[in-house]
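Data first, discussion second: the structure below is written as structure tokens.
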Amino acid sequence: MRKARLIPFKREEVVMTCSEVPRGIDMVQAPALWEAAEKGARQVIAVIDTGCQPDHPDLQDRIIDGRNFTTDYDGDETNFADNNGHGTHVAGTIAASETGTGVVGAAPQADILAVKALSGGGSGEMDWIIEAIRYAVDWRGPNDECVRVITMSLGGPQDIEALHQVVQYATEQEVSVVCAAGNQGDGEEHTDEFAYPAAYNEVIAVGAVNVDKEITEFTNTNDEIDLVAPGVNVLSTYIDGAYAKLTGTSMAAPHVSGGLALLVNITENAFGRDKSEAEMYAQLIRRTVPIGYSTRAEGNGLLALNLVDRIAEFYEDAEIDRQEKDKNIM
């Protein structure tokens, strides 16, 4: 029987109250884009995971819909509540509301489609994952909203054709698919560790760095890594209305998913038209910074959402300096 599991992660700490912008959100420079990107408003990100706590104070206004594909809750399709904690944590990093207390996500006005495809124990049938991806792609909201990004921090060691086909279906429908690269790394950049669906070329595979911008020993390395994001001691929402610090590539991937929601708004507003999945991938990779590792470890580099604006400001300042020098010469 084909099985899928959560990408392994480590729970570092659980607290009942907090009030801060998580370090990872600042590291990827998400707040710098909030004004221009309307904080991700109108973008829907499907979180295919263990579900989500629908009444968490930081998430209750962000969840637009959901569905349960597991046998948990006697198979009740309408009950997508999280009985593990992982899915709620991922959702918070993407889109926790800016309430003044608790935490805030990368795109705090984006909406979450909570798709429960793994049980409370963190495992499930690969068929559940396949059905969940197709559901997310075909889903339409009350105002004809559609999913622009799917995020998955799960996988298995097998390359399953039906899984690959549904991932291809998603990208053909212009949905970006973001996946945690996996935590089977051995600390050696030259060795391959693959987890599927992250290893498929069509997905955006995300590895993990710590706060010092160092690649973690546990992150998978291979030639399909696209970029890296914070994945150590990541603070986000958790079940029972709590907050937790978790570690793993599972925590890195949602930084990228939330970042994409911001970039969709900025890019489509600038160009005045819808952008394809391939175009959005290009916009994302434009905003990465190499951090000194091989491409097998860091892909294109660390996510730096404000990079393009900072480069533009640099050249603008340089041009002003040049004009001032020309005036002095004259």
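Output the residues belonging to region 228-280 that are assigned to a helix (DSSP H, G or I) and of a type in the set (Asp, Glu). Those that are assigned to a helix (DSSP H, G or I) and of a type in the set (Asp, Glu): GLU268, GLU277, GLU279.
Inspect region 150-161 for any residue being open to solvent by 30 Å² or more (accessible area, probe 1.4 Å) and more than 19 Å from ASN201 (Cβ to Cβ) and give the result as yes or no. No; the residues of region 150-161 include none that is open to solvent by 30 Å² or more (accessible area, probe 1.4 Å) and more than 19 Å from ASN201 (Cβ to Cβ).
Scanning region 27-42 for residues that are of a type in the set (A, V, I, L, M, F, W, C), under 25 Å from ASN183 (Cα atoms) and surrounded by fewer than 24 Cβ atoms within 10 Å (Cβ to Cβ) turns up at least one hit.
Residue-wise test of (1) charged (D, E, K, R); (2) assigned to a loop (DSSP other than H, G, I, E, B); (3) surrounded by fewer than 21 Cβ atoms within 10 Å (Cβ to Cβ); (4) within 21 Å of the chain's Cα centre (by Cα).
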{"residue": "HIS164", "(1), (2), (3), (4)": "no, no, yes, yes"}
{"residue": "GLN168", "(1), (2), (3), (4)": "no, no, yes, yes"}
{"residue": "GLU174", "(1), (2), (3), (4)": "yes, yes, yes, yes"}
{"residue": "CYS179", "(1), (2), (3), (4)": "no, no, no, yes"}
{"residue": "ASP186", "(1), (2), (3), (4)": "yes, yes, yes, no"}
{"residue": "GLU189", "(1), (2), (3), (4)": "yes, yes, yes, no"}
{"residue": "ASP192", "(1), (2), (3), (4)": "yes, yes, yes, no"}
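Within the option set GLU202, GLU217, being in contact with a strand residue (DSSP E or B) (Cβ under 9 Å, 6 or more places away or on another chain), open to solvent by 40 Å² or more (accessible area, probe 1.4 Å) and free of Cβ contacts under 8 Å to residues at least 40 places away in the same chain holds for one residue only, GLU202. Listed by first and then second residue, the pairs linking a residue in region 2-21 that is in contact (Cβ under 8 Å) with a residue 12 or more places away in the chain and closer than 24 Å to CYS179 by Cα to a residue that is open to solvent by 90 Å² or more (accessible area, probe 1.4 Å) and acidic (Asp, Glu), with Cβ atoms under 9 Å apart and 6 or more places separating them unless they lie on different chains, are VAL21/GLU98. Scanning region 46-91 for residues that are small (Gly, Ala, Ser), farther than 23 Å from CYS146 by Cα and open to solvent by less than 10 Å² (accessible area, probe 1.4 Å) returns a single hit, GLY85.
Of the residues making up region 73-83, one or more are in contact with a helix residue (DSSP H, G or I) (Cβ under 7 Å, 6 or more places away or on another chain) and of a type outside the set (Asp, Glu).
Does VAL21 satisfy being in a loop (DSSP other than H, G, I, E, B), among the β-branched types (Val, Ile, Thr), open to solvent by 10 Å² or more (accessible area, probe 1.4 Å) and within 28 Å of LYS213 (Cα to Cα)? Judged against the criteria, VAL21 is a match.
Being on the phi > 0 side of the Ramachandran plot, touching a residue at least 40 places away in the same chain (Cβ under 8 Å) and crowded, with 24+ Cβ neighbours inside 10 Å is a property that GLY248 has. Screening region 205-214 for residues that are open to solvent by 10 Å² or more (accessible area, probe 1.4 Å) and touching a strand residue (DSSP E or B) at 6+ places or on another chain (Cβ under 8 Å) and picking the one that is nearest to LYS3 (Cα to Cα) gives ASN210. Just to be sure, is ALA132 at pLDDT 95 or above and under 21 Å from the mean Cα position of the chain (by Cα)? Here the answer is yes, as ALA132 does meet what is asked. For region 163-198, the set of residues classified as touching a Gly at 6+ places or on another chain (Cβ under 8 Å) and touching a residue at least 40 places away in the same chain (Cβ under 8 Å) consists of CYS179, ALA180, ALA181, GLY182, ASN183, ALA195, TYR196, PRO197, ALA198, listed by residue number. Of the strands (runs of 3 or more DSSP E) lying entirely inside region 38-135, those carrying at least 1 residues that are over 19 Å from GLY258 (Cβ atoms) and touching a Leu at 6+ places or on another chain (Cβ under 9 Å) are 63-68, 123-125. Every listed requirement among (1) under 14 Å from THR249 (Cα atoms); (2) in contact with a strand residue (DSSP E or B) (Cβ under 7 Å, 6 or more places away or on another chain); (3) without any contact (Cβ under 8 Å) to a residue 60 or more places away in the chain is met by GLU224 save one, (1).
The values are calculated or read from the model by the stated rules, or taken from the named source; none is laboratory data. On a predicted model such as this, the values are computed, not experimentally measured, just so you know. Cβ: placed from backbone, ideal geometry, glycine included. Neighbour counts: every protein chain shown. Each accessible area value is taken on the protein alone, full model and side chains, heavy atoms only, with ligands, DNA and RNA left out. Shrake-Rupley method; radii C 1.70, N 1.55, O 1.52, S 1.80 Å.
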